[in-house]
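Just below is one structure, and these are the notes that go with it.
The values are calculated or read from the model by the stated rules, or taken from the named source; none is laboratory data. Just so you know, these numbers come straight off a predicted model, no measurement behind them. Cβ atoms come from the backbone with ideal geometry, glycine included; neighbour counts cover every protein chain shown. Side chains are part of the model used for accessible areas, which takes the heavy atoms of the whole protein and leaves out ligands, DNA and RNA. Shrake-Rupley method; radii C 1.70, N 1.55, O 1.52, S 1.80 Å.
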Amino acid sequence: MLLFLELSILLAAAVASAPLWLSDPGQLYMAALAFAVVMVFSMGTLGMYQHDQSREDIKSTLLRITPSFVLGFGLMHLLAVLLPQMQLGRLGSMVFLLGGGAVLLARLVVFTSAQSRMLEQRLIIVGDGAIARECLELAASSIGFHPFRVVGFVPVQGEMRAVPPAMLLPGDLPLLTLARRYAADEIVVTVGDRRTGAYPVRQLLECALGGVPVTDAATFFEREACQIRVDSLQPSYLIFGGGFDQSLMRATVKRIFDLLASAAIGLLAMPVMLATALAIKIEDGGPVFYRQERVGRNNRLFQVLKFRSMREDAERNGQPQWAEQDDPRVTMVGRWIRKLRIDELPQMLNVFKGEMSFVGPRPERAYFVDQLCERIAYYNVRHGIKPGITGLAQVRYRYGASVEDALRKLQYDLYYVKNNSLFLDLLILVDTVQVVLFGKGGR
């Protein structure tokens with residue numbers, strides 16, 4: 001909503017200032033649209049449309065918007081050279097000042113409204129175990145999409161208490177009565193075992209019929225944190241929960257996006273790749289590229305191509321090892337190219353061959369996949385689509401080097417497999433640029 005609001009504002013700013021920079025009225029709307037799209041792209045590249053932005057103050061917004069408009073200014077002048085007929089070279093400072101001021105004003109209004117207690121949703125959580133505590137932490141953090149306030153927990157027999165005792169609500173009152181007494185906007189159910197008599201099915205039904213929305217923990221985490229939590233997941237949630245679009249239309253759109261994104265980034269990164277190949281060769285004289293067998297869609301094996309970032313004898317004993325952060329096997333050049341994700345660029349060839357997508361779960365080695373499938377429920381679901389060069393888990397979570405890390409990253413991978421779309425791919429692509437340039441986000 002904020003993106004489309006600001007797109008409209010920038011479009012209006014360009015149209016309003018057109019007499020100052022445009023001599024041919026026939027080019028007005030195309031030139032104004034180009035300005036608006038380029039500025040929104042620049043702001044998105046520098047992280048101004050991440051879902052946690054509504055928690056920032058106006059000072060932080062101002063610090064972000066200044067370099068965004070500088071980047072936009074440069075891109076507009078580049079576009080003016082490429083498309084001289086659009087008269088973009090005449091764009092003056094007035095349109096940037098007007099557009100920047102309007103965006104700042106819009107964000108001040110939107111963010112102030114978003115932080116208002118009038119928009120804060122009040123939650124009652126049924127359950128008092130570990131998942132209930134994590135719902136409390138999510139509601140209190142800045143990563144959720146909405147501001148929440150947990151008004152209390154309804155204890156359930158058989159759960160090991162992990163929430164503050166002061167937040168427990170009376171267990172002898174009906175849930176609907178509690179919801180109305182505490183003006184709850186939603187009830188979140190975190191009870192894992194639903195087969196016991198302690199699970200309040202009848203009371204939850206009364207709440208739903210009484211107009212109080214009832215949500216289970218899996219849906220709450222998927223909606224607010226872009227995670228599908230394995231520890232609170234019922235098989236029926238994946239089967240009947242919708243998503244998992246594997247239609248011909250989705251496959252065609254994704255393939256076109258893969259080819260265009262890989263071609264564009266491959267051409268732009270060509271000088272960097274040539275410099276990387278030279279640096280690797282100079283450092284130890286070993287091979288530039290590294291091939292490794294990985295598991296792809298439907299568990300098919302393929303050879304992934306990367307710039308070599310480790311010593312040639314990294315696995316001298318023949319036993320596969322988890323890659324670690326600050327891994328001692330990494331070379332000096334490898335440390336930099338791994339930090340900047342340059343080592344992944346040759347995988348563009350895997351994308352062109354159809355073995356990978358640009359966005360998707362990162363492919364893992366078969367040795368580790370066999371172990372992880374045995375130890376982590378639903379791990380094999382991530383192989384329902386093509387693996388990717390980048391993915392939601394890569395921009396949301398740190399470098400994975402253990403089974404526990406694999407579990408955490410799986411929660412983001414499951415969300416992507418279930419909800420993958422072109423729009424989500426674009427958001428992940430923007431987040432990837434931020435991770436590479438500024439070190440924000442995941443691994």
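Which entry is the computed log10 I(q)/I(0) by the Debye sum over Cα atoms at q = 0.10, 0.14 Å⁻¹ for this structure: (i) -0.88, -1.33; (ii) -0.70, -1.29; (iii) -0.76, -1.43?
Working out log10 I(q)/I(0) by the Debye sum over Cα atoms at q = 0.10, 0.14 Å⁻¹ from the coordinates points to (i).
Report the calculated FRET efficiency for Leu168 and Glu404 (r = Cβ-Cβ distance, R0 = 22 Å), to the nearest 0.05.
My answer for the efficiency is 0.15.
Considering only Cα-Cα distances, which of the following residue pairs are longer than 23 Å: Lys353/Lys409; Lys254/Lys339; Lys281/Lys409; Lys281/Lys306?
Lys353/Lys409; Lys254/Lys339; Lys281/Lys409
Taking +1 at the Cβ of each Lys and Arg and -1 at the Cβ of each Asp and Glu, which of Pro387, Val214, Pro147 sits farthest along the dipole of the chain towards its positive end, judged by Cα position relative to the Cα centre?
Pro387
For Ile282, what accessible surface area do you get with a 1.4 Å probe? Give it in Å², rounded to 10.
Estimated to the nearest 10 Å², Ile282 gives 120 Å².
Say we join alpha carbon atoms closer than 10 Å with springs in a Gaussian network model of the chain; which of Leu429, Leu176, Leu268 then has the biggest fluctuation?
Leu268
Just how much of Ser247 is accessible, in Å², when a 1.4 Å probe is used and the result is rounded to the nearest 10?
50
Could you compute how much accessible surface Phe4 exposes when probed at 1.4 Å, giving the result in Å² to the nearest 10?
Here the residue's solvent-accessible area equals roughly 130 Å².
I want to check the label-to-label distance for Phe41 and Phe244. Put each point 7 Å from Cα in the C-beta direction and report it in nm to one decimal.
Modelled inter-label distance: 3.7 nm.
What FRET efficiency comes out for the pair Val109/Thr66, r = Cβ-Cβ distance, R0 = 30 Å, nearest 0.05?
The calculated FRET efficiency here is 0.95.
Along the charge dipole of the chain, which of Val40, Leu414, Ile124 sits closest to the positive end, that is, farthest toward it, with unit charges on the beta carbon of Lys, Arg, Asp and Glu (+1, +1, -1, -1)?
Val40
Rounded to the nearest 0.05, what FRET efficiency do Ala275 and Ala12 have when you use their Cβ-Cβ distance and R0 = 56 Å?
After rounding, the FRET efficiency stands at 0.80.
Would you mind telling me the share, in percent, of accessible area of region 267-335 contributed by carbon and sulfur at probe 1.4 angstrom?
57
Report the charge-dipole magnitude of the chain in Debye, nearest 20, computed about the Cα centre from +1 at each Lys and Arg Cβ and -1 at each Asp and Glu Cβ.
Roughly 440 debye for the chain.
Take Thr177, Thr190 and sort them by solvent-accessible surface of the protein heavy atoms, 1.4 Å probe, largest at the top.
The most accessible residue leads, giving Thr177, Thr190.
For the chain, what is the accessible area per residue in Å² when the probe is 1.4 Å?
On a per-residue basis, the chain sits at 50 Å².
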